[in-house]
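Engineer: Sharing a structure with you now.
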Amino acid sequence: MDIVKLGEIEGKILELRGQKVILDSDVAEFYGVETRDINKAVKNNPDKFPEGYIFELNKAELEDLRWKISTAKFSKTRVLPKAFAEKGLYMLATILKSPQATQTTIAIIETFAKIRNLSRNIKALSNAQDDSQKRNLLKKSGEIIAEILDDNLVSNERETTIELNFAVLKFKHTIKKTTKNEKK
């Protein structure tokens, strides 16, 4: 069973209709099932997915994704993809009952929470007056970004520097790792 990494999920979160969502095909990939299985679970439990939990993309949104995401992923689709909002993903978790589904759901929830916390910190940073408060918010934001980026970062005897520049936050994170060669 492969455990889904935080960075993998963060990379699949899109903004559509003013919401952060994950497409049904990506959800299926995370859960290790076919997209049709995800959509069948939704169809068999309509009461668990009220408006705002999941929506079907329209043709214009699909075309826009085809241009933004240069992949053959959407070229052969016969049905319009569905987008799961955070609440829809929570509901999906109540339906899917495998160990991989549980681990995937935890990873998805953690990713959304980290992104929400980072967003709050950046917003608070733009309004902070006190230098001590700014330093604290910068530190917290840096820790969140490091958690997202370090999750699957591999390096050996090298420095890896990642620099992100937001309007009110400049984040520079250097990672120096060495790998030990195991001798038998």
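Engineer: Just to be sure I understand, how many residues within the stretch 20-70 are of a type outside the set (D, E, K, R), under 27 Å from residue 117 (Cα atoms) and buried (at least 16 other Cβ atoms within 10 Å of the Cβ)?
Structural biologist: We begin by selecting, within the stretch 20-70, every residue of a type outside the set (D, E, K, R); these are 21-23, 25, 27-28, 30-33, 35, 38-39, 41-42, 44-46, 49-50, 52-55, 57-58, 60, 62, 65, 67, 69-70.
Right, trim to under 27 Å from residue 117 (Cα atoms) and you get 21-23, 25, 27-28, 30-31, 49-50, 52-55, 65, 69.
Checking which are buried (at least 16 other Cβ atoms within 10 Å of the Cβ) leaves us with 21-23, 25, 27-28, 30-31, 49, 53-55, 65.
The qualifying residues number 13.
Engineer: If I filter the stretch 108-123 down to residues being hydrophobic (A, V, I, L, M, F, W, C) and touching a helix residue (DSSP H, G or I) at 6+ places or on another chain (Cβ under 6 Å), which single residue comes out as farthest from residue 145 (Cα to Cα)? Full working, then the answer.
Structural biologist: If we filter the stretch 108-123 for residues that are hydrophobic (A, V, I, L, M, F, W, C), which is where we start, we get 108-109, 112-113, 115, 118, 122.
Imposing the further condition that a residue be touching a helix residue (DSSP H, G or I) at 6+ places or on another chain (Cβ under 6 Å) reduces the set to 108, 112, 118.
Values: 108: 16, 112: 13, 118: 8 Å.
Ranking the qualifying residues of the stretch 108-123, first place goes to 108.
Engineer: Taking the conditions exactly as written (surrounded by fewer than 18 Cβ atoms within 10 Å (Cβ to Cβ) and not hydrophobic (A, V, I, L, M, F, W, C)), does residue 81 satisfy them or not? If you could, list the steps in order and put the result at the bottom.
Structural biologist: On the way: surrounded by fewer than 18 Cβ atoms within 10 Å (Cβ to Cβ): no; not hydrophobic (A, V, I, L, M, F, W, C): yes.
The answer is no for residue 81.
Engineer: Let me ask another. Are there helices (runs of 4 or more DSSP H) fully within the stretch 18-105 with at least 2 residues that are more than 18 Å from the chain's Cα centre (by Cα) and hydroxyl-bearing (Ser, Thr, Tyr)? List them. Talk me through it step by step, then tell me what you get.
Structural biologist: Working: elements: 24-31, 35-44, 59-68, 86-95.
In the stretch 18-105, there are no helices (runs of 4 or more DSSP H) which contain 2 or more residues that are more than 18 Å from the chain's Cα centre (by Cα) and hydroxyl-bearing (Ser, Thr, Tyr).
Engineer: Hey, could you check the stretch 34-76 for residues that are of a type in the set (Lys, Arg) and modelled with pLDDT of 85 or more and say which is nearest to residue 23 (Cα to Cα)?
Structural biologist: 36
Engineer: Shifting gears a bit: It is to be established whether one or more residues within the stretch 37-47 are in contact (Cβ under 8 Å) with a residue 12 or more places away in the chain, in contact with a strand residue (DSSP E or B) (Cβ under 8 Å, 6 or more places away or on another chain) and among the polar types (S, T, N, Q).
Structural biologist: yes
Engineer: Additional query: With respect to residue 95, is the statement that it is of a type outside the set (S, T, N, Q), modelled with pLDDT under 70 and touching a helix residue (DSSP H, G or I) at 6+ places or on another chain (Cβ under 7 Å) true?
Structural biologist: On the way: of a type outside the set (S, T, N, Q): yes; modelled with pLDDT under 70: no; touching a helix residue (DSSP H, G or I) at 6+ places or on another chain (Cβ under 7 Å): yes.
No: the conditions fail for residue 95.
The values are calculated or read from the model by the stated rules, or taken from the named source; none is laboratory data. Quick caveat, the model's predicted, so the values are computed rather than measured. As a convention, Cβ positions derive from the backbone with ideal geometry for all residues, glycine included, and neighbour counts pool all protein chains shown.
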